[in-house]
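Read-outs throughout are calculated quantities, based only on the coordinates presented, and are distinct from any laboratory measurement. These numbers were taken from a predicted model, which means no experiment stands behind them. Using ideal geometry, Cβ is built from the backbone for each residue, glycine included, and neighbour counts are taken over all protein chains shown.
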Amino acid sequence: MNYLDAAMPEISAGVRDYVAACERECAQVFAALDEIENYNTQKVLLAFQRHRVALRHFAPTNGYGYDDIGRDTLDRLYADVFGAEDALVRPQIASGTHALALCLQGLTRPGGKLLAASGRPYDTLEQVIGISGEPGMGSLRDYGVEYDEVELTPDGHIDVAGVLDKLDEHTQLVTIQRSRGYAWRPCLSVDEIGEVARAIHARRPDVCVMVDNCYGEFTRLQEPTELGADVIAGSLIKNPGGGMAPTGGYIAGKRKYVELVSYRLTSPGIGREVGSYGASYRPFYQGLFMAPHVTMQAVKTSALAARVFGGLGYDVNPAYDAPREDIIQAIRFGDADKLIRFVQAIQLASPVDSEALPEPWDMPGYQDQVIMAAGTFVSGASIELSADSPIRPPYIAYMQGALTYAHGRLGIMCALERLGGISPSKA
Ligand SMILES: *Cc1c(COP(=O)(O)O)cnc(C)c1O
């Protein structure tokens, strides 16, 4: 046995050769991704230099955290990188859902209306909005904020006429989800999101357009805030944390909106002025610096998976050579057993908890049972190689992440073995 395979099923020659052949076919796709990484690395580096990032910015703080220079500089750095007026970047934001909920709550008022322009939002937001869950938990609905949604068109685009049609005098906030999430649909491109934002503003300049930017950061040259979106939000244990941030979330956008969100984050009147962090801010800075690279390691892993599984006849979304706006690869297994085997293989190929075989479970905030593989250094960090899937037909696995492409590639080979290997003739 090769020492590289010691923690996983032995990788057969058939699998090795097949994956190597797929990889060669990805060469042009990878070269284009390298260009994006080069551009974004320079963008981030120049921002670090403009803000004169220095050792003192990494120092921990305590108490109220007034004038916390590490916190405040990190805010300005994110704003700069995302082409936004302002940003809030906080370890106290517990997750992506928390960052998005702060926006939904901070940017709507009783009697107002939230409009989802890309169909039903991410599962965990349903209870925040009050689409599902018990009344009385403090959802937007409990606070008298109405909700409406416009389905995507059959080919996966925003129905702009439909959205404009539903804008009325009560509409305060329009939300758009960039990534596919747990849906078999294309990502929305930043260009399309920008066009929709401009169309909404042409009709109603006072309506805030927010984008769930989870998984989208650094996959393209520009972020939605550079093209007309008012606010974006996401998780630091996904792309922008670069695999280094131990926790946290961010919000970036127009100054007046970021300020309103800051009053939800702490309290009205206090906003961004307080909030200390007793550990070093270094991982947040270093993670942002690494994010353009790490994101592309993950995107390359996804493209390879698409080529590998697509080549075996599974439906994959997106195709290996299709444009990508997030790090997710969806693979349709059509069979619960294969789906579970695939997700378990990703866990077996992990550096942490490699022998803990995941099982479907009832996860808080999700409607169906979910199976998750996350043998990660940062608990649940999906910028690290991971897979998660609701257990529902047609049994689609959503895989994402990989701190290094070489590791992502091993995970894919492990999955092929667990699904029965490749006969040498196929390779
Ligand atoms: C991950 C994700 C969320 C929620 O983030 P959590 O950190 O899991 O709470 C919301 N929207 C999208 C598109 C996501 O990918």
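Looking across the range 309-351 at every residue that is more than 25 Å from S179 (Cβ to Cβ) and either hydroxyl-bearing (S, T, Y) or without any contact (Cβ under 8 Å) to a residue 40 or more places away in the chain (or both), the one that is surrounded by the most Cβ atoms within 10 Å (Cβ to Cβ) is identified as D337.
Scanning the range 377-404 for residues that are of a type in the set (S, T, N, Q), part of a loop (DSSP other than H, G, I, E, B) and crowded, with 22+ Cβ neighbours inside 10 Å yields one hit, S382. Being under 18 Å from A229 (Cβ atoms), touching a Phe, Trp or Tyr at 6+ places or on another chain (Cβ under 6 Å) and of a type outside the set (S, T, N, Q) is not true of G194.
Using the structure shown, decide if D155 is over 19 Å from V261 (Cα atoms) and part of a strand (DSSP E or B). No; evaluated as a whole, the condition is false for this residue. G133 meets all of the listed conditions (1) without any contact (Cβ under 8 Å) to a residue 40 or more places away in the chain; (2) surrounded by 23 or more Cβ atoms within 10 Å (Cβ to Cβ) but one, namely (2). When R180, R198 are screened for being more than 13 Å from the ligand (Cβ to nearest atom) and touching a residue at least 12 places away in the same chain (Cβ under 8 Å), only R198 passes. Condition first: within 21 Å of A197 (Cβ to Cβ), hydroxyl-bearing (S, T, Y) and within 14 Å of the ligand (Cβ to nearest atom). Now tell me which residues in the range 207-256 satisfy that. Residues satisfying the conditions are Y215, T219, Y250. Somewhere in the range 236-251, is a residue closer than 20 Å to G119 by Cβ and in contact (Cβ under 8 Å) with a residue 40 or more places away in the chain? The answer is no, given that none of the residues of the range 236-251 is closer than 20 Å to G119 by Cβ and in contact (Cβ under 8 Å) with a residue 40 or more places away in the chain. Taking the range 21-49 as the range and being over 27 Å from the mean Cα position of the chain (by Cα) and either assigned to a loop (DSSP other than H, G, I, E, B) or touching a residue at least 12 places away in the same chain (Cβ under 8 Å) (or both) as the test, only A21 passes.
G106 passes every criterion in (1) of a type outside the set (V, I, T); (2) in contact with a Lys or Arg (Cβ under 9 Å, 6 or more places away or on another chain); (3) more than 26 Å from R272 (Cα to Cα) apart from (3). Would you be able to tell me the number of residues in the range 273-298 that are touching a strand residue (DSSP E or B) at 6+ places or on another chain (Cβ under 9 Å) and either surrounded by fewer than 16 Cβ atoms within 10 Å (Cβ to Cβ) or assigned to a helix (DSSP H, G or I) (or both)? Counting residues in the range 273-298 that are touching a strand residue (DSSP E or B) at 6+ places or on another chain (Cβ under 9 Å) and either surrounded by fewer than 16 Cβ atoms within 10 Å (Cβ to Cβ) or assigned to a helix (DSSP H, G or I) (or both) gives 3.
Selection of first residues in the range 205-218 that are of a type outside the set (A, V, I, L, M, F, W, C) and of second residues that are away from the ligand (no atom under 16 Å from the Cβ) and assigned to a strand (DSSP E or B), restricted to Cβ pairs under 9 Å at least 6 apart or on distinct chains, gives the following pairs, ordered by first then second residue: D206/Q172. Taken over the range 363-376, the criterion of being within 16 Å of the ligand (Cβ to nearest atom) and part of a loop (DSSP other than H, G, I, E, B) is satisfied by M363, P364, G365, Y366, Q367, D368, A374, T376. Can you confirm whether D148 is free of Cβ contacts under 8 Å to residues at least 40 places away in the same chain and either charged (D, E, K, R) or within 29 Å of D388 (Cα to Cα) (or both)? So D148 fits the description; yes.
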